[in-house]
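Written below as structure tokens is the structure these notes are about.
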Amino acid sequence: MMRLDAILVLLCLHLAPAVSSSVATCQSLGLRITEIELDGAVKDVVWLTQNVVFVLTEENTLYRSKDDGRTFENVMGELEDSEVQDEQSSNGVVEMYPSDADERRVFFKGGGKVHWVTYDRGQSFHTRRTEFPLGEIKLHKKNPDCLLVSRMSDVCLGLSDTGFCFNSLYVSYDWGTTFHEKVNYVQQFDWGPRDNTVVYSAYDDEHVGDQYFQSMKNLNLYRSVDMLRTQENIRLVVRHGVGFKVSQGGVYVAVAGEHGTMQLFVSRDDAQSFLPAVFPSELQETRYTIIDEDDGTVFVSVEHSKQEEGTSIQGMPSDSITVGDIYASVADGDVLFKDDFESGLTRWRGKHAAAVPSRTKIVDDPLCSGGSSCRGKVMKMTGCGEEGDAFSLESFTCSVSYPCKVSFWFLGVAWQGFSDGFPGRYIWSASGEEEKGVHHKVSKSSDQWTRVEYVFPRQHSEFVWAEGGRDAGRAAISRVHLMLQAHSSSSSSSSFCNATYIDDIRVTRARAEDYVMSLRDNTRDSVGHVDFHILRGPRGILHANVIDAENRVRTLRSVDNGNEWHPLEPPGNDRDFACEYSQRKGRWVTPTGRDCGLHLHMGHKRKGTPGRWDRRQHKEADERFGALVSNEKAVGIVIGVGNVGTELAGRTDEASTYVSRDAGRSWERARKGTSVGDIGDQGTILVLADNSEETNEISFSIDGGASFQTCSFSSDVELEVRDVLSDPSVASSNFLLHGSVPREEEAYFFSVDFSMLFPRQCSDVDLAGDPGSDFALWRPSGEKQDICVMGRQVDYVRRKTTARCFVGKENRLSTLVRNCPCQEADYECDFCYERAGEKRAALKNVSSSSCVWSCAGREKPTYPPANCLGTYTKTRGYRLVEGNTCQGGLDLRPQLLVCPRQDGVKNDAAPSVGGEGGSSEQGGRRLSWGGVGVGVVAVVAIGACAAASALFLKGRGIRGATEAHGYSRLSTGENDDFALADQDDYDDSPVPTPNNI
């Protein structure tokens, strides 16, 4: 329990037999090694700010460090009643929950009815006593006092023989001081996208009995808009919602249908309404995993088959690998309006068509203090009028058939709505008060910029115009203008008007939940984990494993969000396998002509909840081979374990550890054998340790992976190393290594400190690229050294490999971004189109990379469509890859055309820009085994593992697109029925869903 310094280590261990080693000791190379005495193996590690680290052991003992993990102390003596053991439970700390909302706070869950919290990073602890053991805990991401917890009934815990076994949901509004029971028979629960929203699934009240014998058809999805404070603010939003996931991309719910079928629905408006995922054909399997990222990109893995019984893939059990296809989300529709106010108020008008909005002007960001976080020019509104102060000059259509997504940033109390004049009939769709017609609640924000985003409208009842307009009441909407207004804190007086700032307001056509094929035959496992890695840092770079026609697992890489895939180039310093580049074939091949390259295992290790690493390792193979490691603070650095050859090998003696400094484009072997490892000092330090054999050595690099040295961290013991960890913010120069000796019960824990190796801190980060600066500029490139990736050139600041200094936490490494002209590589195939490939290209007299119609058995849409009103969209077979920011250049996007004039019909009933009125189509992406495009059939799907967080769902079938055509949005009627609103139906009464879902 006490820490051992170097003298105590010698005194205690001088009689132990020395471990022979032919390498230098780490101390002789300038590293500081400290062995930390713990009472058991490491269960969890959490890093906080100000160099505080908590370690929890398997013995439920808590340790705290206040020097970034270099020394630790046992703090169990500071936890009141931590030695108390309740019936059917263990004492001590069993789990740690760091707060997203307040980085000083941590909730420590006890094994029984006693728990602890800290408000100050562990300088003091406070006891929380409950009447029951706590189950799952969900901390609020913005309100540090709020948490959701589950409780299993006494029957489940074996504490009672009467009653039923079920799960209950409780909420605390005071940081665990008191808990309030809210829902019984709850299955899942989570905080919603907005601050006051709670989403949960529970069984119908009328079905009693043990919860785990209930039918899934009795499970429904509910939504509370006041943190479960009142029953009247809870609504059933989806019937038969058997599983859901809340993420940055929205709320995903799987709905059970007939005969074991299942369908996915997605909400982008805080679980108020949902869009269905429409598949173009019947799928035989319904296992799928949703993988979403912080930038809004969503990938969906849909399992379609399993390895045949008895087959294996080089040492990997057949039951550990299944196969699925990866689908990528489609970006939001056309931009209807956007303004960042850098050009003044030229796109805005005041009341009664005044040339300039009243009490409105353009100013600099009031919170700007220099640096990259400044927003530049913003709109300032100083008056609080009525019926709007600023109106967009342009108008557009937002309707149930053509919903809009609205987003903007604000300071103060911003109200935003729509009006059909200057002023005219209007409706507030985003405001600071709960009143009829308000779609989105906007809270006051004076100390930070706050972003608002929502979809409007959800249903026809939202088109109830305010009383100030002409002909108040329900009306079919046509064209509208954006309307903005500052608002007072007190509705009774305008003298308290808040100075309100608005920036970057935009309206786009709301995204349809359409997905295009990204990659076929991706490997996954029966639990739902997917061999698919989104690189942290540069956007759009992916790594994935696939099974080819010869039953070989191979690794591919994409630099454009899955549009094109290429094999990994073998490292130049790994010649254990003959793999050479063929100029004639344009790819890497063996002497016998078989494709070869570098193949990597896809265990994951990434930053999860605050200060914690989340290891997503699956399949027994991943436990042996370690994780694929990347971090946005160590841009371009990737650590992976695999082998060079024709396929991924399943034996550890064939594996090596590789490092890339250019986001996976090229690789070098760091050491032979499998490894666990981590990255520190913003990419400067890399540490690796063998995890397949007992060892007392580490390999490390202090030049960002350009070179490695090996040293011995202990002369007394060889360990089975479980992991090497550093602060997930990648700013520390200290690493934690832990493991055990197989023949002993004792666990070992070491601090490996590199700070003594660097005589100074790096300087001149603002002069990166200059010969006198310690920093250089690095620019990602494509497979063919393209300077533009995802439509832009990005220069990242990194420490020079030759600089002998540490970056530290103070230096913030920035990026420089420039957009490129669009070219063919920036586009993917639209729905129902796929790459022609070489065979079809010859028949159709087009290039192999051309997108051609691929939906056999479906009629190609004709243009203009029947009953065309206003404008329509005509595809050219291409769409811009999601996240691509190219500007100008080659334009292959769908065309916006004006409908032919029809007598007696006004054209302004349809969207003026963009629109989703085109036919449903299907898409495809390009797969290359060395630069040659291969046709890929695509389907439409929708979609989570988190940051990549994952939702894994399973059923017996997914309904095809033909069963859902004619339905646009899923909404909730007044009777809480789960209903779909038909595009042509202007009746507010609920509409039955297909197949009675």
How would Arg594, Arg536 line up by accessible area, probe 1.4 Å, largest first? Arg594, Arg536
Subtracting the Cα-Cα distance of Arg347 and Arg451 from 0.36 nm times their residue separation yields 35.3 nm
Spatial separation of Cα centroids for the stretch 497-548 and the stretch 25-49, in angstrom: 36
How big is the accessible area of Leu393 in square angstrom, nearest 10, if you roll a 1.4 angstrom probe over the protein chains? 80
To the nearest 0.05, the calculated FRET efficiency linking Lys809 and Lys141 through their beta-carbon distance, R0 being 25 Å, is 0.60
Relative to the Cα centre, what is the charge dipole magnitude of the stretch 765-820, using +1 at the beta carbon of each Lys and Arg, -1 at the beta carbon of each Asp and Glu, and rounding to the nearest 20 debye? 120
Percent of C-alpha pairs per 10 Å bin, the stretch 690-768, short to long: 15, 44, 27, 10, 4, 0
Of the cross-linked pairs Lys405/Lys633; Lys351/Lys874; Lys351/Lys380; Lys142/Lys633, which ones have a Cα-Cα span greater than 28 Å in the structure shown? Lys405/Lys633; Lys351/Lys874
Accessible surface ranking that places the most exposed of Arg239, Arg524, Arg665 first, with a 1.4 angstrom probe: Arg239, Arg665, Arg524
Treating only Lys and Arg (+1) and Asp and Glu (-1) as charged, each at its beta carbon, one finds that the stretch 132-276 has a dipole about its Cα centre, in Debye to the nearest 20, of 520
Contour minus Cα-Cα span, Asn573 to Phe164, at 0.36 nm per residue, comes to 140.9 nm
Binning at 10 angstrom from zero up to the longest distance, how are the C-alpha pair distances of the stretch 35-120 distributed in percent? 18, 52, 27, 3
Once you place label points 7 Å from the Cα toward the Cβ at Asp340 and Asp891, how far apart are they in nm? 2.1
Place +1 on the Cβ of every Lys and Arg and -1 on the Cβ of every Asp and Glu in the stretch 179-219, take the dipole about the Cα centre, and give the residue among Tyr185, Phe213, Thr197 whose Cα lies farthest towards its positive end. Thr197
Could you give the distance between the Cα centres of the stretch 631-665 and the stretch 207-226, to the whole Å? 45
Just how much of Glu80 is accessible, in Å², when a 1.4 Å probe is used and the result is rounded to the nearest 10? 100
Which whole-number value in Å³ per residue fits the convex hull of the alpha carbons of the stretch 554-598? 87
Solution diffusion estimate, µm²/s, Stokes-Einstein, the stretch 132-276, Kirkwood Rh from C-alpha pairs, 25 °C, viscosity 0.890 mPa s: 156
Of all the Cα-Cα pairs you can form in the stretch 765-820, what percent are over 16 Å apart? 47
Assuming R0 = 41 Å, can you tell me the calculated FRET efficiency for the pair His180 and Val363, based on Cβ-Cβ distance, to the nearest 0.05? 0.35
Rounded if a/c is under 1.5, else prolate if a/b is larger than b/c, else oblate: which is the stretch 723-815, with a ≥ b ≥ c the root eigenvalues of its Cα gyration tensor? oblate
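The values are calculated or read from the model by the stated rules, or taken from the named source; none is laboratory data. Since the model is a prediction, treat every value here as computed from it, not as a measurement. Note that we place each Cβ from the backbone using ideal geometry, even for glycine, and neighbour counts take in every protein chain shown. Areas reflect the complete protein model, heavy atoms only, side chains present, ligands, DNA and RNA absent. Shrake-Rupley method; radii C 1.70, N 1.55, O 1.52, S 1.80 Å.
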